[in-house]
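One structure is given below, encoded as structure tokens.
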């Protein structure tokens, strides 16, 4: 019905008219326009089919396109109000709303006709290619975008045309049509991931962009370089992910696109400059943040904001050439609604897109290459210089739900900017020696002094840090982050991202100097206040604080001494343990830290300070009781199974393994396994727990012994060689029922292998 319906209808009806005029049916009225007009009134098409016919007739090769443009403007006015209601009001999906004009436009072939008009210059055989007016191109693109957001299926049909998608990228070379082109491409790429290497002269295209265009292009790139964010929880399980990796052994399209971008000369350097450039605040109003809260509800994205600014600029130029006429101002009220701080909002929204792209690249397979470039182009010192003036210039309430890496959200630009900044810091610091670039020279000297005083060697990464690339000023970026973290409201979701960023600085091989650097700045007391005294109820925030506390205290006797000083009453200790026990999935990394630290301290009884803390610390005394360790072990194994294992809760399996590895070192493994068996019988479900654990360990072998898996994280976080992890799992899975260290020995024959086929492909 869609493609060429008007043209086909006219051909058929004119043929019929010719036949009838030569026969006996000449009395039948054959005015095609009259037929359409009659049907139009009943169907409420608002004249759209007739306008499309005019558009078709006026857009033939060598025709006067000025008439084409005037017809298109008439059509656009019928469609634009529907698009505006979609963007500014309820933001409903196309399926939930009714947009009759846009539907009619698409039904009668309007979308296909506009694509044909746009691409016609590329299809002609003439040596001299016909030139289309920029304003006509802009209006064609705008109408297509309106159809995409208002009518289901239009985006997919455009995405299916590879020639049109690639053609759109060529339009981006024209600055006058760039915004409209970028907006449409972004919508299309939401349903189709293109190969960037297939775009003609991509390198030249990107290098031709000015900084404003490059920032908007980052929004498009974010779709092409991100892995799809699958919302179905089943798809997030490690079992499903491993199966998918087997099926898709080759690099994903997103990974290929990341490599393509990194091969564009000067691309990363320009992104670093965009991310760190300063903003003139001369036009900023005192109620800047309030303006943001009012405006973000209807600004669809940075591209819409660009269009608004462009409109305001054009109106300003127009009004300067004519007399000040109040009536002309009244026709464009939008100009009066633009806040004075628009330039600052503009820059913030740009930086959100740029930081997102950098963050994705930092988490990709080319991580080390990206790290090297970000350090060389001084991204971290540049962000440090922006921290007080732009990134955390004022405190913004953030009580929204914590969003995942690829999730969309309706946060204000200010909130999005802060979260993206914190995500970048987390990705930058995580298990990488460049994390010391977050400090300044004085703070690096402080780390060296801590190591010297403790009579321990400096960390190699610290020694190798290039001092010319670290932060400037009185404080480094990490120290600035700690300061704002302490002042954040208890349930603010910023706390989650702040804690994650600081924790990433500590992750990897445990560094006593790094821990003491943060302990001296009161971080432990702040965390304990949040967990015990602040009344924080957010599970996300509490989990991030448990993980951070674990990294901060691990193997550090001074940290446990400080803990005992803060948790000075039974009530405080009981509150702390209640928080831990309320969700082991959230707190198990802290439990692992306590168990590992206790094991090490018990082997250092020649150290007077260690002996003193061991005897006084309520937390170490609690974990020293074997019944408490066994209680944790039982619940850790019971809270997960193979089908529900995710990246989020697999740590529970590894924590249970740590407890059993330490027991095995001390010859206590049979005792622990027998106690689990007795617990099963006491709970009246013999075999269930141990069969479940057996299946979990079989999965562990498949997952962690995969050649693509990096086992250094497990080794570094526990200080237990990975070979000992593998050996312990093999012993536990032994088939010899006479072995006292094999799980099978503790499952009675009738209850063996209850879930035998769980891991079958």
### Query
Which of the helices (runs of 4 or more DSSP H) contained wholly in segment 492-535 include at least 3 residues that are at pLDDT below 95 and surrounded by fewer than 22 Cβ atoms within 10 Å (Cβ to Cβ)?
none
### Message
Please verify whether residue 115 is over 29 Å from the mean Cα position of the chain (by Cα) and either part of a loop (DSSP other than H, G, I, E, B) or in contact (Cβ under 8 Å) with a residue 12 or more places away in the chain (or both), treating the condition exactly as stated.
### Response
yes
### Query
When you look at residue 168, is it crowded, with 18+ Cβ neighbours inside 10 Å and either modelled with pLDDT under 90 or in contact with a strand residue (DSSP E or B) (Cβ under 6 Å, 6 or more places away or on another chain) (or both), yes or no?
no
### Tabulated pairs, segment 545-564, first at positive phi, second part of a helix (DSSP H, G or I), C-beta under 9 angstrom, 6+ apart or interchain
555/512; 555/515; 555/593; 555/596; 555/597; 555/600; 555/601
### Query
residue 676 passes all but one of (1) in a loop (DSSP other than H, G, I, E, B); (2) at pLDDT 90 or above; (3) under 16 Å from residue 637 (Cα atoms); which number fails?
(1)
### Boolean, residue 740 is in contact (Cβ under 8 Å) with a residue 12 or more places away in the chain, over 24 Å from residue 674 (Cβ atoms) and surrounded by fewer than 17 Cβ atoms within 10 Å (Cβ to Cβ)
no
### Task
Go through segment 454-491 and count every residue that is surrounded by 22 or more Cβ atoms within 10 Å (Cβ to Cβ) and touching a strand residue (DSSP E or B) at 6+ places or on another chain (Cβ under 7 Å).
4
### Query
If you go through segment 421-430 one residue at a time, do you hit one that is exposed (fewer than 15 other Cβ atoms within 10 Å of the Cβ) and part of a helix (DSSP H, G or I)?
no
### Task
Considering every residue within segment 234-253, establish whether at least one is farther than 30 Å from residue 697 by Cβ, assigned to a helix (DSSP H, G or I) and either at pLDDT below 85 or out of contact with any strand residue (DSSP E or B) (no Cβ under 6 Å at 6 or more places or on another chain) (or both).
yes
### Task
Please indicate, with yes or no, whether at least one residue in segment 705-721 is closer than 30 Å to residue 571 by Cβ and either without any contact (Cβ under 8 Å) to a residue 12 or more places away in the chain or assigned to a helix (DSSP H, G or I) (or both).
no
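The values are calculated or read from the model by the stated rules, or taken from the named source; none is laboratory data. From a predicted model like this one, the values you see are computed outputs, not experimental measurements. When we count neighbours, we look across all protein chains shown, and the Cβ atoms used for this are built from the backbone with ideal geometry, even at glycine.
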